[in-house]
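Notes follow the structure.
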Amino acid sequence: MIKLRLALSKTEEARYTSHLDTMRMMIRSIRRCGLPIAYTNGFNKHPILSFLLPLSMGITSDYEPVDLAFEDGTTTSEVKEALGNVLPRGFSIVDIGELGCTVNEVYAAEYRLKLFFADGKNGNMLPQLLESDTPLLVEKKSKKGMIKVDIRPMIYQADWSSESNMLIVTLACGTEKNLNPSLLVQALTEADSDFSPLYFKAHRSKIITQKDAKLIQ
């Protein structure tokens with residue numbers, strides 16, 4: 001059995017494809033192109049396939065790591081060519097190779113949030129909101145139900161461009177801490193009534209590991 005890590009890009013056409021549907025799409029595509037994917041042992045066997053950091057629906061990405069296992073003798077070039085020819089629109093293979101870091105080594109991700117406002121509205125108050133020391137509270141689901149959490153410590157970096165209405169943020173991401181960009185926008189909206197985007201589009205541009213703050217890519 002050979003284990004590989006494949007990186008997918010997820011573009012605008014696939015923005016509203018859920019993680020579960022993406023998993024199903026990958027399995028169907030592998031079967032369609034005839035690649036000899038490996039299966040788990042036991043009575044209820046299933047393909048060995050897992051995403052390192054599943055994306056929430058509505059978020060696109062440049063680089064989504066997917067770990068797969070194939071029968072011995074399968075080459076990376078064979079997988080890239082065969083699978084790349086059958087993936088649906090909105091998905092493409094950007095890289096393939098040996099397994100890399102584990103999810104436990106991931107600590108952050110960079111997101112690009114394109115904000116859309118009504119006429120006369122803007123996000124020029126964002127720098128002040130993001131640089132403030134006051135808690136940035138939002139309700140998050142926990143084992144004990146909904147609780148108020150200060151998400152400010154989970155915002156590692158933030159840059160606002162008023163020209164493009166683009167907020168570039170590095171947020172906590174991984175097994176210990178994880179901040180969804182939708183919660184960030186919700187918290188900012190609740191913190192200042194003047195900040196009221198109609199909607200936003202999120203794109204995950206980088207995944208960062210703890211070791212020397214390096215990109216997985």
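The values are calculated or read from the model by the stated rules, or taken from the named source; none is laboratory data. This structure is a prediction, so every number in the text was calculated from the model and none was measured. Ideal geometry is used to build each Cβ from the backbone, glycine not excepted, and the neighbour counts take in all protein chains shown.
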Legend entry - Selection within segment 1-52 - aliphatic (A, V, I, L, M), farther than 18 Å from SER77 by Cβ and part of a strand (DSSP E or B): LEU49
Inset, instruction - Could you tell me which numbered condition VAL149 fails, if it satisfies all but one of (1) surrounded by 17 or more Cβ atoms within 10 Å (Cβ to Cβ); (2) β-branched (Val, Ile, Thr); (3) farther than 29 Å from GLU64 by Cα? - result: (3)
Legend entry - Enumeration of residues in segment 169-188 that are surrounded by 15 or more Cβ atoms within 10 Å (Cβ to Cβ) and of a type in the set (Val, Ile, Thr): VAL169, THR170, VAL185
Inset, instruction - Mind telling me which of the residues ARG24, ARG28 ends up being basic (Lys, Arg) and more than 30 Å from LEU171 (Cβ to Cβ)? - result: ARG28
Inset, instruction - Could you tell me which of the residues LEU136, LEU126 is under 17 Å from LYS201 (Cβ atoms) and surrounded by 14 or more Cβ atoms within 10 Å (Cβ to Cβ)? - result: LEU126
Legend entry - Out of PHE195, PHE200, sole residue that is under 29 Å from ASP119 (Cβ atoms), more than 21 Å from the chain's Cα centre (by Cα) and crowded, with 17+ Cβ neighbours inside 10 Å: PHE195
Inset, instruction - Have a look at GLU190, GLU176 and point out the one that is among the charged types (D, E, K, R) and either in contact with a Ser or Thr (Cβ under 6 Å, 6 or more places away or on another chain) or at pLDDT below 85 (or both). - result: GLU176
Inset, instruction - Output yes when any residue across segment 48-57 is of a type in the set (Gly, Ala, Ser), touching a residue at least 60 places away in the same chain (Cβ under 8 Å) and closer than 21 Å to ALA7 by Cα, and no when none is. - result: yes
Inset, instruction - Give me the pairs, please: first residue somewhere in segment 58-80 and buried (at least 18 other Cβ atoms within 10 Å of the Cβ), second residue anywhere and in a helix (DSSP H, G or I) and among the acidic types (Asp, Glu), beta-carbon distance under 7 Å, and either six or more positions apart or on two chains. - result: THR60/GLU12
Legend entry - Matching option when the condition is out of contact with any Phe, Trp or Tyr (no Cβ under 9 Å at 6 or more places or on another chain), surrounded by fewer than 17 Cβ atoms within 10 Å (Cβ to Cβ) and closer than 29 Å to LEU184 by Cα, among PRO54, PRO88: PRO54
Inset, instruction - Filter segment 108-117 down to residues that are surrounded by 14 or more Cβ atoms within 10 Å (Cβ to Cβ) and farther than 19 Å from ASP67 by Cα and give me whichever is farthest from the chain's Cα centre (by Cα). - result: PHE117
Inset, instruction - Please work out which one of (1) without any contact (Cβ under 8 Å) to a residue 40 or more places away in the chain; (2) in contact with a Lys or Arg (Cβ under 9 Å, 6 or more places away or on another chain); (3) charged (D, E, K, R) is the condition GLU131 fails and give its number. - result: (2)
Legend entry - Selection from segment 156-167 of residues that are in contact with a Ser or Thr (Cβ under 8 Å, 6 or more places away or on another chain) and either surrounded by fewer than 17 Cβ atoms within 10 Å (Cβ to Cβ) or of a type in the set (Phe, Trp, Tyr) (or both): TYR156, GLN157
Legend entry - Segments classed as strands (runs of 3 or more DSSP E), wholly inside segment 53-167, with at least 3 members that are within 30 Å of ILE37 (Cα to Cα) and of a type in the set (Asp, Glu): 59-70
